[in-house]
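The values are calculated or read from the model by the stated rules, or taken from the named source; none is laboratory data. All values reported here derive from a predicted model rather than from experimental measurement. Because the Cβ atoms are built from the backbone with ideal geometry, glycine has one as well, and the counts that use them run over all protein chains shown. Remember, those area values only see protein heavy atoms, side chains included, never the ligands or the DNA or RNA. Shrake-Rupley method; radii C 1.70, N 1.55, O 1.52, S 1.80 Å.
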Amino acid sequence: MTITITAFDRSPDGGKGLARDTRVRWALEEVGQPYEVRLVSFGAMKEPAHLALHPFGQIPTYEEGDLGLFETGAIVFHIAEHHAGLLPDDANARARAITWIFAALSTVEPPILELMTARIFEGDKPWTAQRMPLVLDRVRDRLGQLSARLGDADWLDGAFSAGDLMMVSVLLRLRASGLLDEYPNLSAYVARGEARPAYKRAFDAQLAVNKPPAG
Ligand code: GTB
């Protein structure tokens, strides 16, 4: 059955791979599943046809036969459950890998998103200068804890898993801030993720859509 995902017809990041379709593309590349991409504009995302698939009018979505999914975490989990390569066979190791998916999305990403909001959408507000140190502290708290847990390991719990895919994707959003550089083991962890051939294929596929025109 053909897998179809949705992505921005033009990502606001101009091809940096930060929109969440890259996470889904990466998961599909890791498990070797071919997929098609339906590109949608911001306007089309709010139209009934897309809202029937995604109640919040966003990307990414995932369609396969009768199944329609939204929410990146659920999509990546579904892919990992149905194809070998992203979750260990051992039941306990599998449960821990799934825990890392949730940890990435529920515990590590929220303060990072708060930082993005403070910088991008509230940068011109009078309270931002006062608030920013608090926002940065919350990000550093999480990075410090994650860095301590990762230590010298290559991945969070044994072999690379969907938990690492999600955690690396979440951390990638911090690259431009320079914060990751304060934690060399996390920088190296992210670089290991980016070096995976499946990540490169996913990144290149989104870049082909979003690359700014030359000149
Ligand atoms: N919780 C949902 C999920 O995990 O799937 C969140 C989905 C989401 O935020 N989708 C965004 C979207 O569709 C795109 S990824 N936004 C349009 C809208 O809400 O109208 C978020 C994103 C957007 C842009 C950048 N960027 O330019 O760097 C990075 C990430």
Flagged pairs (Cβ under 7 angstrom, 6 or more apart or on separate chains; first in the range 153-175, at negative phi; second of a type in the set (Lys, Arg) and open to solvent by 50 Å² or more (accessible area, probe 1.4 Å)) are Asp154/Arg192; Asp157/Arg96
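If you take the residues of the range 73-82 that are within 10 Å of the ligand (Cβ to nearest atom) and either outside the structural domain of Gln58 (by TED's automatic domain parsing) or open to solvent by 10 Å² or more (accessible area, probe 1.4 Å) (or both), which of them is farthest from Val168 (Cα to Cα)?
Going through the range 73-82, the residues within 10 Å of the ligand (Cβ to nearest atom) turn out to be 73-76.
From what is left, the residues that are either outside the structural domain of Gln58 (by TED's automatic domain parsing) or open to solvent by 10 Å² or more (accessible area, probe 1.4 Å) (or both) are 73-74.
Numbers: Gly73: 13, Ala74: 17 Å.
Applying the filter and picking the extreme gives Ala74.
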Checked the range 57-72 for anything touching a helix residue (DSSP H, G or I) at 6+ places or on another chain (Cβ under 9 Å), within 11 Å of the ligand (Cβ to nearest atom) and either open to solvent by less than 30 Å² (accessible area, probe 1.4 Å) or in a strand (DSSP E or B) (or both); matches are Gly57, Ile59, Pro60, Thr61, Tyr62, Leu69, Thr72
When the range 9-23 is checked residue by residue, the ones that are open to solvent by 20 Å² or more (accessible area, probe 1.4 Å), at negative phi and more than 7 Å from the ligand (Cβ to nearest atom) are Asp9, Arg10
By residue number, the members of the range 145-172 that are more than 15 Å from Ala103 (Cβ to Cβ) and either assigned to a helix (DSSP H, G or I) or in the same structural domain as Val24 (by TED's automatic domain parsing) (or both) are Leu172
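Starting from residues that are assigned to a helix (DSSP H, G or I) and near the ligand (Cβ under 8 Å from one of its atoms), keep the ones in the range 24-56 and report whichever is surrounded by the most Cβ atoms within 10 Å (Cβ to Cβ). Show your work before the answer.
Taking the range 24-56 first, the residues assigned to a helix (DSSP H, G or I) are 24-31, 42-45, 48-51.
Subset that is near the ligand (Cβ under 8 Å from one of its atoms): 42, 45.
Details: Phe42: 13, Met45: 20.
Within the range 24-56, the match that is surrounded by the most Cβ atoms within 10 Å (Cβ to Cβ) is Met45.
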If we ask which residues in the range 118-146 are modelled with pLDDT under 95 and either in contact with a Leu (Cβ under 6 Å, 6 or more places away or on another chain) or open to solvent by 100 Å² or more (accessible area, probe 1.4 Å) (or both), their number turns out to be 7
Original post:
Is the range 83-95 home to any residue that is assigned to a helix (DSSP H, G or I), open to solvent by less than 50 Å² (accessible area, probe 1.4 Å) and touching a helix residue (DSSP H, G or I) at 6+ places or on another chain (Cβ under 8 Å)?
Top reply: no
Condition set touching a residue at least 12 places away in the same chain (Cβ under 8 Å) and open to solvent by 30 Å² or more (accessible area, probe 1.4 Å), scope the range 177-196, selection farthest from Pro133 (Cα to Cα): answer is Arg196
Regarding the range 123-144, can at least one residue be identified that is touching a residue at least 24 places away in the same chain (Cβ under 8 Å) and either assigned to a loop (DSSP other than H, G, I, E, B) or polar (S, T, N, Q) (or both)?
no
